[in-house]
Each structure stands twice: as C-alpha cells, then as structure tokens.
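The values are calculated or read from the model by the stated rules, or taken from the named source; none is laboratory data. Bear in mind the structure is a predicted one, so any value in this text is a computation, not a measurement. Virtual Cβ from ideal backbone geometry, glycine too; neighbours counted across all protein chains shown. Each accessible area value is taken on the protein alone, full model and side chains, heavy atoms only, with ligands, DNA and RNA left out. Shrake-Rupley method; radii C 1.70, N 1.55, O 1.52, S 1.80 Å.
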Amino acid sequence: MSFATQMRNAFKALASPKVNAPAFDAVTFDSAVMNTYGRFPLALERGQGCRVWDTDGQEYLDFVAGIATCTLGHGHPALVEAVTQQMQKLHHVSNLYYILEQGQLAQWLTQHSCADKAFFCNSGAEANEAAIKLARKYAHVKRDIEHPFILTAYAIFHGLTLATVTATGQP
Ligand SMILES: Cc1ncc(COP(=O)(O)O)c(C=O)c1O
C-alpha cells in the first residue's frame, strides 16, 4: 500500500466515529428515559464543528445546533479548554455564593448589549418563566395593572414548565 493511501486511510479512520461507538437501542433508551419529547429516529454520538455523526458512523451537517444553543459548534477548542480549566478549578457551587466569573460574564454581557443586568438560568423554559415574571412585575410596578395578562400564539413551543406549557397553547 502506498504511503499516500496509508495516510488517506489514517485520516479516514480519525474522522470516523465508529471506533468504540456504543451500540444504540431505542427500545432500551425509551424504557429508561421518560417520554416527554418526541424524537427523530436518529442517535447522535459525536460532533466536530458543524458536523455530527450518528452511532452508525453516518455524517451529517448540524443545522440545528442544539436549537441555537450550540452556535460555536461541537468540540470548539477554546470552549473545551475553558470548560476543562473551570472543571479542574471549581465545579457547581449553587447560587448561595458569589462566583467571580459569573459577575465578569454579566458585566461583559451588559457592556455589549442593551441590557442593564444579566439573568442566568439553565434552560429555555426558565428564561421564558423569567420573562413572564418580569412582564408581570413591570405591569404591576410601572403600569399599576393588578391582573396583567400575557398574549401567546397557538401551537408554538416555550418549554415544559407549567407556565410555559400553558403559554404553548397546545392540547
Ligand atoms: C422557542 C423555544 N422556547 C423555549 C424552549 C425550551 O427550552 P428548554 O428545553 O431548554 O427548556 C425551546 C426548546 O426547544 C424553544 O425552541
């Protein structure tokens, strides 16, 4: 085998995620994970940049990007480095304490947007819950409206908490 062919095969093997990919079985998955979401019949195993691979080694372009929460792509070296460094230094400590970097990130966000303050949360549903609370507070405090109501559209998705499921307008 020529050197060029060997190199090509080596690169192909590197790019192939099939090595050590665990066998995926949707029935086993569904027997253990609560049925709260409809899923496409596709089990993703790894990603690099804007590409993802399923457990059969099939490659896809990822236009979903975690529904726009993974816009740096998968495995971005700077993000991997930053998360690794933080995990080695300090893991989760809750909102009972101050965390230096949280304040720094909030300052950066407010300096680069129209916002006065940042609110950190873990999900879209929490963000929408906060938006609902802020809208209600604004109505109470600034507009003196005792029973404000919030308009939402039918057949949309805002999350799975009670308030956001209600806002979803789906049976
Ligand atoms: C528009 C929109 N709002 C809210 C959510 C809920 O986000 P999460 O699942 O992180 O609570 C989603 C999630 O798909 C969404 O697409």
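The rows are residues; the columns are (1) over 22 Å from Met34 (Cβ atoms); (2) small (Gly, Ala, Ser); (3) touching a Leu at 6+ places or on another chain (Cβ under 6 Å); (4) at pLDDT below 95.
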position: Cys114; (1), (2), (3), (4): yes, no, no, no
position: Phe119; (1), (2), (3), (4): yes, no, no, no
position: Ala130; (1), (2), (3), (4): yes, yes, no, no
position: Lys133; (1), (2), (3), (4): yes, no, no, no
position: Tyr138; (1), (2), (3), (4): yes, no, no, no
position: Asp144; (1), (2), (3), (4): yes, no, no, no
position: Phe149; (1), (2), (3), (4): yes, no, no, yes
position: Ala153; (1), (2), (3), (4): yes, yes, no, yes
position: Phe157; (1), (2), (3), (4): no, no, no, yes
request  = Identify all residues within the range 62-88 that are in contact with a strand residue (DSSP E or B) (Cβ under 6 Å, 6 or more places away or on another chain) and not in a loop (DSSP other than H, G, I, E, B); write none if there are none.
outcome  = His74
request  = Considering only the range 116-169, state which residues are outside any helix (DSSP H, G or I), more than 13 Å from the ligand (Cβ to nearest atom) and surrounded by fewer than 10 Cβ atoms within 10 Å (Cβ to Cβ).
outcome  = Asp116, Lys117, Asp144, Glu146, His147, Phe149, Leu151, Tyr154
key: Within the range 65-90, considering residues that are within 16 Å of the ligand (Cβ to nearest atom) and surrounded by 12 or more Cβ atoms within 10 Å (Cβ to Cβ), the one nearest to the chain's Cα centre (by Cα)   = Cys70
request  = For the range 90-108, state whether one or more residues are within 30 Å of Phe40 (Cα to Cα) and at pLDDT below 95.
outcome  = no
query = Residues in the range 97-115 that are over 19 Å from Ala130 (Cβ atoms) and either surrounded by fewer than 10 Cβ atoms within 10 Å (Cβ to Cβ) or small (Gly, Ala, Ser) (or both): how many?
reply = 5
request  = Examine the range 103-125 for a residue that is hydrophobic (A, V, I, L, M, F, W, C) and closer than 14 Å to Ala167 by Cβ, and state whether such a residue exists.
outcome  = yes
request  = Output the residue which, of all residues in the range 24-41 that are part of a loop (DSSP other than H, G, I, E, B) and open to solvent by less than 100 Å² (accessible area, probe 1.4 Å), is farthest from Asp56 (Cα to Cα).
outcome  = Thr36
remark   = Scanning the range 50-64 for residues that are more than 16 Å from the ligand (Cβ to nearest atom), of a type in the set (Asp, Glu) and modelled with pLDDT of 95 or more, the one most open to solvent (accessible area, probe 1.4 Å) turns out to be Glu59
